[in-house]
Amino acid sequence: MEDRIEEEEEESNSCSYISFKLIMVALLYFLNNRCNNYIHQFYPFFKRAIRYKNGDNVLLDIKTKWGEELDKNNILQEYPRPQFERDSYMNLNGEWDCTLTLVNNTEAILYEGKIIVPFPIESRLSGIEDITLDPGMMLIYKKVIDLSKLENRGKFLLHFGAVDQTTRLYINDKKVGEFDGGYHPFYFDITDYLKDLSKTEITVKVIDNYGLNGAAIGKQGNPRRGIYYQKIGGIWQTVWIESVPNIYIKDVKITPYYDDHSVGFFMTLEENAEINKDIIGQVKIFDDNQELVGSGKIQPNEDVIISIPKDFKNWSPEEPYLYKVEYTYGKDVVKSYFGMRKFSIEPDANNIMRLFLNNKPYFQNGVLDQGFWSDGIYTPPSDEAMIYDIKTMKELGFNMLRKHIKIEPKRWYYHCDTLGMLVWQDQPSGGGFPYNKADDAFYYTDDDYELFNRTSEIGRRNFYRDINRTLDNLYNSPCISTWVPFNEGWGQFDSVKIATMVKEIDKTRFVDHVSGYVDHLGPDFRSLHIYFDTIKFEKDEINRPVVLSEYGGYGLKVKDHLGCTEQFSYIMFETEEKLTESIKSLIKDQIYPNMIKGLCAAVYTQLSDVEQEINGFLTYDRKVLKVIASEIKEANDMLKLRYD
């Protein structure tokens, strides 16, 4: 969203806050040097003062209903990777031992106690809350598990959904490996480090250097302010173990060929596996009645295309039909699914460039979804909470969510697949702050790394690494229609080159190369953010589809459901009725007529309030829907009728 309108009024508060924090940190390090044995007694007080204080804007203690009902012995137990499922699995979410110390002095104990995984240490649901994992600190997790309860099929793989930011894994005090990056899943083969399976000690050491060398931080603020929210650190997605055969399938890429009524599969094995030509893999495709509708042989590193009946069922938000898949390779068996759908750009009957779904014009009517929670911050409090967000937006008549500057757990995309919700997937932003150094940065080319605060070569290289991880991680999700590498110039660089690379890797989806301004005429859209001006369609100069990738931002305060003591939105309303009527008018009087002229998609800001922002359909704790649902749906249904 627009960040410049906040910068001037935030500057004085931000500066005073930073000065306050520097004083606190200096005192903390003085205590570390002079009275190391007592530092843990002072640290939580300092962190409480730092965490909640940002000028006069204080975080308030509100929880979702799922957070209030949380059972620390039953945390996010659902299978974490539904599109690549094995039946030998152990969930490690729940209570772990944890210690917060300093990177250069591990004898300095800042905190020692229990933490609820996978909630970030800063969150209310972690059981700690008052502490922040800051640069220079190390968060150490420990847990002893009994692996003899899990069927031993040959190897044990320890998985992490996501950890912010650099992870080092030790098994029984032996270092296994490390991973850098705060938004993507990773795993380690821990087989060779195991001794007594009934007593295996896991140690996870995490460092979060918050944006060092332009690392991706998304919408995390340090300090939080304006449109940058409470930072997180440590484990924030599910931790789990599976046992696999000695030769196992690492991944299978699925590509639906809609017009050819066929599906492509590309299988890879784990890195060190020797390919045995005597082992013949199998792919079986089933409909929802478990009837076999397609099958074929598959070998590692070879494309295989399998035909399905010509009268196959489409996937769409209205009818999210999914085919089941089973892969077999040697002793390894994996279950998956896919949807038959096609995204394309074509002229409509009036020769206007439109977004097509399954060979028909389809208006993508969306909501900006930042994925923050009042109690878990980055981590949803439950599976039901994720479902609630998606279903509520569908009930309002929307068919798309723009996942804004964050990557979710795999189950969130699974729910979008099964419930029928298109997704525009943003890449988490990085680079120096402020992201743009000039108000008129959009008049310059984005190879000006200094102007766009992308001077770190390491940071630029890691952005390529991370966007490739995103593509690899989410390629199979039927719900994703669009990749969004950059938003409003934040950390933007080489945008056309990067968008072209994304198109080469994934030819099946759209790319919004720069959402908002700083457009360099790359693929695939002319992408606009309009909050204050009248929305007016103008044909793109190179005839790309035109999308409104952010608009709205209308706010309403709901007493007892506010995230902070101070609030803002672009336009404020006093009642549910006035807010509803204004959003209806925006859809009917501006979105609808511009859609007729050629507008191809729209994204309303936003799904829920986030901390001081109160422009959500839902309050931050998800307890109150701030609009009259039937009236918003009626307005949105106008956009559907035009295409039916």
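Tabulated data for the structure shown
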{"quantity": "Placed amide H near Val103: partners under 5 Å, 5+ positions off or other chain", "calculated": "Met137, Met138"}
{"quantity": "Debye, to nearest 20: dipole size of the chain, +1 on Lys, Arg Cβ, -1 on Asp, Glu Cβ", "calculated": "960 debye"}
{"quantity": "Spin-label pair Glu274/Glu302, simplified geometry with 7 Å Cα→Cβ offset, distance in nm", "calculated": "1.9 nm"}
{"quantity": "Ranked packing of 423-429, 525-531, most packed first, by mean Cβ within 10 Å", "calculated": "423-429, 525-531"}
{"quantity": "Within the chain, helix-based [θ] at 222 nm, where runs of 4 or more DSSP H residues each add -39,500 (n - 2.57), nearest 500", "calculated": "-6500 deg cm²/dmol"}
{"quantity": "Accessible area (Å², per residue) of the chain, counting only protein heavy atoms and a probe of 1.4 Å", "calculated": "39 Å²"}
{"quantity": "Cut-off under 5 Å, modelled amide H: who pairs with Ile232 long-range", "calculated": "none"}
{"quantity": "Whichever lysines have a C-alpha closer than 24 Å to that of Lys335, once near sequence neighbours (fewer than 8 apart) are set aside", "calculated": "Lys149, Lys155, Lys250, Lys253, Lys277, Lys284, Lys297, Lys310, Lys313, Lys324, Lys410"}
{"quantity": "Inter-part distance where the stretch 341-409 and the stretch 581-642 are each reduced to a Cα centre, Å", "calculated": "13 Å"}
{"quantity": "Highest to lowest packing among 450-460, 215-225, scored as the average C-beta count within 10 Å", "calculated": "215-225, 450-460"}
{"quantity": "Cα-centred dipole magnitude for the stretch 437-577, charges only on beta-carbon of K, R (+1) and D, E (-1), debye, nearest 20", "calculated": "540 debye"}
{"quantity": "Using alpha carbons only: equivalent-ellipsoid semi-axes of the chain, gyration tensor based, whole Å", "calculated": "36, 35, 22"}
{"quantity": "Fraction of beta bridges assigned by DSSP in the stretch 469-576 that are antiparallel (%, nearest 5)", "calculated": "10 percent"}
{"quantity": "Computed lengthening from Asp447 to Lys142, 0.36 nm per intervening residue step minus Cα-Cα distance", "calculated": "105.4 nm"}
{"quantity": "Percent of beta bridges antiparallel (DSSP, the chain, rounded to nearest 5)", "calculated": "70 percent"}
{"quantity": "Cα→Cβ-extended label distance, 7 Å offset, between Phe266 and Glu576, nm", "calculated": "5.0 nm"}
{"quantity": "Separation between Cα centres of the stretch 157-181 and the stretch 55-84, rounded to whole Å", "calculated": "23 Å"}
{"quantity": "Full-extension gain in nm, Ser295 to Asn351, via 0.36 nm per residue minus C-alpha separation", "calculated": "16.1 nm"}
{"quantity": "Formal net charge of residues neighbouring Lys313 (Cβ-Cβ distance under 11 Å; K, R +1; D, E -1)", "calculated": "-3"}
{"quantity": "³J(HN,Hα) computed for each position of the stretch 253-263 - Karplus, 6.51 cos²θ - 1.76 cosθ + 1.60, integer Hz, glycine/proline x", "calculated": "8, 10, 10, x, 10, 4, 6, 9, 6, 8, 9"}
{"quantity": "Carbon + sulfur, % of accessible area of the chain - ligands and nucleic acids excluded, 1.4 Å", "calculated": "48 percent"}
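The values are calculated or read from the model by the stated rules, or taken from the named source; none is laboratory data. A quick note: this is a predicted structure, and the numbers were derived from the prediction, not measured. In this analysis, Cβ positions are derived from the backbone assuming ideal geometry, glycine residues included, and neighbour counts consider all displayed protein chains. When the accessible area is computed, the model is the full protein with side chains, heavy atoms only, and any ligands, DNA or RNA have been set aside. Shrake-Rupley method; radii C 1.70, N 1.55, O 1.52, S 1.80 Å.
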